[in-house]
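> Have a look at this one.
The values are calculated or read from the model by the stated rules, or taken from the named source; none is laboratory data. All values reported here derive from a predicted model rather than from experimental measurement. Heads up, the Cβs are rebuilt from the backbone with ideal geometry, glycines too, and the neighbour counts pull from every protein chain shown. Quick note on the areas: whole protein, heavy atoms, side chains included, nothing else; ligands and nucleic acids left out. Shrake-Rupley method; radii C 1.70, N 1.55, O 1.52, S 1.80 Å.
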Amino acid sequence: MTARDASVYRCQQCGYASPKPGTCPDCLRAGAGYIQLVEERAAPARGAWRAPAAEGRPRPLRDITMEPHDRVRTGIGELDRVLGGGVVRGSLVLVGGDPGIGKSTLLLQAARALAQVTPPVLYVSAEESAAQVKMRADRLGIAADGLLLWTETDLAAVQVQLDDVKPRALVVDSIQTVFLPELESAPGSVAQVRECGARLMMLAKGLGIATFLVGHVTKEGALAGPRVLEHLVDTVLYLEGESHHAYRVLRAVKNRFGSTNEIGVFQMGEGGLAEVTNPSEFFLAERPGDAPGSVIVSSLEGTRPLLLELQALVARASFGTPRRTVLGADYNRVCLLLAVLEKRVGMPLASQDVFVNVAGGGRVTEPAADLGIVLAAASSYLDRPVPGDVVVLGEVGLTGEVRAVTGLDIRLKEAAALGFRRCVVPKSGVGAGAKFPLEVRGVATVNGALEALLG
Ligand code: TYD
Ligand code: MG
């Protein structure tokens with residue numbers, strides 16, 4: 001047997017390769033259990049296929065000009081923002097998300113928008129029949145002229161069509177269902193996904209086609225198939241949300257052409273995904289007035305402040321170890337904050353069940369929400385409401401001190417714009433409030449904040 005046709009055994013989760021069959025040691029170490037390696041024939045020699053030649057030779061950096069039309073706005077503002085101001089010609093964008101979350105819907109809408117600006121756009125559906133896509137398009141009222149649909153799973157055939165159709169943008173739905181016939185592995189396997197991704201990358205770069213790939217996500221929340229795909233593409237976006245909530249967040253986790261902190265907010269409805277231009281309003285829509293355990297915090301997503309309602313319910317534990325249930329926030333962080341409340345304020349939470357939730361299915365990831373979590377729990381424990389017109393900001397340290405937060409200005413601006421009248425902020429940030437029609441109260445410790453709001 002020559003080296004060329006030797007098999008490798010590959011982990012379908014992480015891409016680990018071994019010359020012998022068995023289970024994946026990397027995944028075992030990472031706590032994912034025993035994952036069987038899958039046999040894979042060695043990839044064909046790269047020489048068999050050549051990328052379209054890139055122009056010229058190395059040039060001085062200062063001589064390289066960016067043409068203004070290199071970035072195209074799709075017209076879907078929330079998507080454009082997440083992409084960094086529009087989609088870049090020749091870039092490869094991977095859109096991941098749970099099944100049924102709305103990836104195909106989003107990309108069909110994006111394809112329509114792009115078809116109006118830069119036709120033609122080719123939508124390759126490897127998952128659904130033409131009739132299924134047509135049905136969705138009808139629901140969305142899509143009948144753009146420059147939008148071509150093709151149901152094909154063979155990427156080699158797609159490549160032939162690209163020369164013919166010369167699309168300006170391409171959607172491949174999904175990367176796990178297309179395949180290259182020269183590889184022996186099944187569609188969706190690491191080898192296929194990696195090679196298909198690499199091939200599409202070369203096509204996108206070589207022909208200057210803005211390419212979107214749909215990628216499925218495993219139960220654990222990672223993109224199925226190899227992580228190499230994430231390394232390969234220019235941009236990785238995740239479409240997230242709870243399937244029983246209407247709102248969807250599009251988040252950039254990697255972007256070679258923009259910031260990774262931006263989010264786009266959408267609402268899934270009858271006519272597909274609609275942009276939510278004021279997400280704070282959306283998240284606060286059903287807020288109860290003056291209920292114990294409810295606190296408004298501000299979470300900064302990229303350059304965008306989001307006001308969210310944090311809720312806590314503290315109730316006597318009926319038996320055994322008290323429960324801590326956290327939705328929409330970091331579990332360990334909440335446990336830490338409860339310990340601060342217990343030790344520094346003297347609230348006996350060890351005998352209490354604590355439930356923390358972000359209303360509307362939102363998520364807080366920032367330490368700036370710490371003080372809000374502490375106050376929500378304290379408010380519920382004491383059964384005393386935090387006034388409804390207050391926004392709470394501040395990171396909490398282990399000694400119970402309240403620390404500064406970033407972007408205080410824009411957070412306060414958003415709070416004022418939405419009609420809040422009072423803010424509790426870290427002591428160092430009191431000055432920032434002067435510009436806004438807000439009563440800003442600075443606190444130095446958790447005890448100080450409790451005194452200010454819960455008396
Ligand atoms: P889809 O885009 O097919 O999800 P994915 O490609 O991520 O698997 O979206 C499927 C869900 O979206 C489906 O449950 C129905 C819902 N939906 C709407 O609520 N309104 C609509 O206009 C459309 C097209 C879909
Ligand atoms: Mg789909």
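> If you go through region 174-196 one residue at a time, do you hit one that is within 22 Å of Val82 (Cα to Cα) and within 14 Å of ligand 2 (Cβ to nearest atom)?
Yes, region 174-196 has at least one match.
> Has region 133-142 got at least one residue that is in the same structural domain as Val87 (by TED's automatic domain parsing), in contact with a helix residue (DSSP H, G or I) (Cβ under 6 Å, 6 or more places away or on another chain), outside any helix (DSSP H, G or I) and within 16 Å of ligand 2 (Cβ to nearest atom)?
Checked region 133-142: at least one residue is in the same structural domain as Val87 (by TED's automatic domain parsing), in contact with a helix residue (DSSP H, G or I) (Cβ under 6 Å, 6 or more places away or on another chain), outside any helix (DSSP H, G or I) and within 16 Å of ligand 2 (Cβ to nearest atom).
> Which of the numbered conditions does Ile142 fail, given that it passes all the others? Conditions: (1) closer than 19 Å to Gly272 by Cβ; (2) touching a Leu at 6+ places or on another chain (Cβ under 9 Å); (3) at pLDDT 90 or above.
Tallying (1) closer than 19 Å to Gly272 by Cβ; (2) touching a Leu at 6+ places or on another chain (Cβ under 9 Å); (3) at pLDDT 90 or above, Ile142 fails exactly one: (3).
> State whether the residues of region 94-103 include one that is closer than 20 Å to Lys205 by Cβ, within 16 Å of ligand 1 (Cβ to nearest atom) and out of contact with any Asp or Glu (no Cβ under 6 Å at 6 or more places or on another chain). Talk me through it step by step, then tell me what you get.
So in region 94-103, the residues closer than 20 Å to Lys205 by Cβ come out as 94-95.
From the residues that got through so far, the ones that are within 16 Å of ligand 1 (Cβ to nearest atom) too are 94-95.
Among the residues that remain, those that are also out of contact with any Asp or Glu (no Cβ under 6 Å at 6 or more places or on another chain) are: 94-95.
The answer is yes, given that some residue of region 94-103 is closer than 20 Å to Lys205 by Cβ, within 16 Å of ligand 1 (Cβ to nearest atom) and out of contact with any Asp or Glu (no Cβ under 6 Å at 6 or more places or on another chain).
> Could I ask something else about it? Which of the residues belonging to region 248-292 are at pLDDT below 85, in the same structural domain as Val236 (by TED's automatic domain parsing) and either on the phi > 0 side of the Ramachandran plot or within 15 Å of ligand 1 (Cβ to nearest atom) (or both)?
Result: no residue meets the conditions.
> Then there is this: Output the residues belonging to region 86-111 that are under 17 Å from the mean Cα position of the chain (by Cα) and surrounded by fewer than 19 Cβ atoms within 10 Å (Cβ to Cβ).
Matches in region 86-111: Asp98, Pro99, Gly100.
> If I filter region 323-343 for residues that are more than 20 Å from the chain's Cα centre (by Cα), among the aliphatic types (A, V, I, L, M) and part of a loop (DSSP other than H, G, I, E, B), do I get at least one hit?
Going through region 323-343, the residues more than 20 Å from the chain's Cα centre (by Cα) turn out to be 323-325, 332-343.
Keeping just the survivors that are among the aliphatic types (A, V, I, L, M) gives 334, 336-341.
Next, from what is left, pick out any that are part of a loop (DSSP other than H, G, I, E, B): none.
No, because not a single residue in region 323-343 is more than 20 Å from the chain's Cα centre (by Cα), among the aliphatic types (A, V, I, L, M) and part of a loop (DSSP other than H, G, I, E, B).
> Quick one: is Leu349 within 26 Å of Arg304 (Cα to Cα) and crowded, with 19+ Cβ neighbours inside 10 Å?
On the way: within 26 Å of Arg304 (Cα to Cα): no; crowded, with 19+ Cβ neighbours inside 10 Å: yes.
No, not satisfied.
> Take the residues in region 115-172 that are within 16 Å of ligand 1 (Cβ to nearest atom), open to solvent by 70 Å² or more (accessible area, probe 1.4 Å) and touching a residue at least 40 places away in the same chain (Cβ under 8 Å); name whichever of them is farthest from Val95 (Cα to Cα).
Arg139
> Now for a different question. Check whether at least one residue in region 239-262 is hydroxyl-bearing (Ser, Thr, Tyr), within 16 Å of ligand 2 (Cβ to nearest atom) and surrounded by fewer than 18 Cβ atoms within 10 Å (Cβ to Cβ), and report yes or no. Can you show your working first?
Of region 239-262, the ones hydroxyl-bearing (Ser, Thr, Tyr) are 243, 247, 259-260.
Filter once more, keeping what is within 16 Å of ligand 2 (Cβ to nearest atom): 243.
Those left that are additionally surrounded by fewer than 18 Cβ atoms within 10 Å (Cβ to Cβ): 243.
Among the residues of region 239-262, at least one is hydroxyl-bearing (Ser, Thr, Tyr), within 16 Å of ligand 2 (Cβ to nearest atom) and surrounded by fewer than 18 Cβ atoms within 10 Å (Cβ to Cβ), which makes the answer yes.
> Give me the residue from region 33-63 that is at pLDDT 80 or above and of a type in the set (A, V, I, L, M, F, W, C) and, out of that set, most open to solvent (accessible area, probe 1.4 Å).
Just the residues of region 33-63 that are at pLDDT 80 or above, to begin with: 33-39, 57-63.
Checking the rest, the ones that are also of a type in the set (A, V, I, L, M, F, W, C) come to 35, 37-38, 61.
On the way: Ile35: 30, Leu37: 17, Val38: 63, Leu61: 147 Å².
In this case the residue turns out to be Leu61.
> Let me ask you something else. Please work out which one of (1) touching a helix residue (DSSP H, G or I) at 6+ places or on another chain (Cβ under 8 Å); (2) closer than 21 Å to Arg411 by Cβ; (3) of a type in the set (D, E, K, R) is the condition Glu342 fails and give its number.
Only one criterion is unmet by Glu342, namely (2).
> Among what's in region 434-446 and is surrounded by fewer than 16 Cβ atoms within 10 Å (Cβ to Cβ) and in a helix (DSSP H, G or I), pick the residue that is modelled with the highest pLDDT.
Let us first name the residues in region 434-446 that are surrounded by fewer than 16 Cβ atoms within 10 Å (Cβ to Cβ), namely 434-435, 437, 439, 444.
Then keep just the ones that are in a helix (DSSP H, G or I); that gives 434-435.
Working: Ala434: 82, Lys435: 85.
Across region 434-446, the extreme among qualifying residues is Lys435.
> Being within 18 Å of Leu213 (Cβ to Cβ) and small (Gly, Ala, Ser), is that true of even one residue in region 121-142?
Within region 121-142 (the criterion being within 18 Å of Leu213 (Cβ to Cβ) and small (Gly, Ala, Ser)), the answer is yes, since at least one residue qualifies.
> Among the residues in region 176-193, are any closer than 22 Å to Arg89 by Cα and surrounded by 17 or more Cβ atoms within 10 Å (Cβ to Cβ)?
Initial filter on region 176-193 (closer than 22 Å to Arg89 by Cα): none.
Within region 176-193, none of the residues are closer than 22 Å to Arg89 by Cα and surrounded by 17 or more Cβ atoms within 10 Å (Cβ to Cβ).
> Quick check on this structure: which one of Leu375, Leu341 is touching a strand residue (DSSP E or B) at 6+ places or on another chain (Cβ under 8 Å) and buried (at least 16 other Cβ atoms within 10 Å of the Cβ)? First the steps, then the outcome.
On the way: Leu341 fails: touching a strand residue (DSSP E or B) at 6+ places or on another chain (Cβ under 8 Å).
Among Leu375, Leu341, only Leu375 is touching a strand residue (DSSP E or B) at 6+ places or on another chain (Cβ under 8 Å) and buried (at least 16 other Cβ atoms within 10 Å of the Cβ).
> For Ser104, all conditions in the list (1) more than 12 Å from ligand 2 (Cβ to nearest atom); (2) outside any loop (DSSP other than H, G, I, E, B) hold save one; what is the number of the exception?
Every listed condition holds for Ser104 apart from (1).
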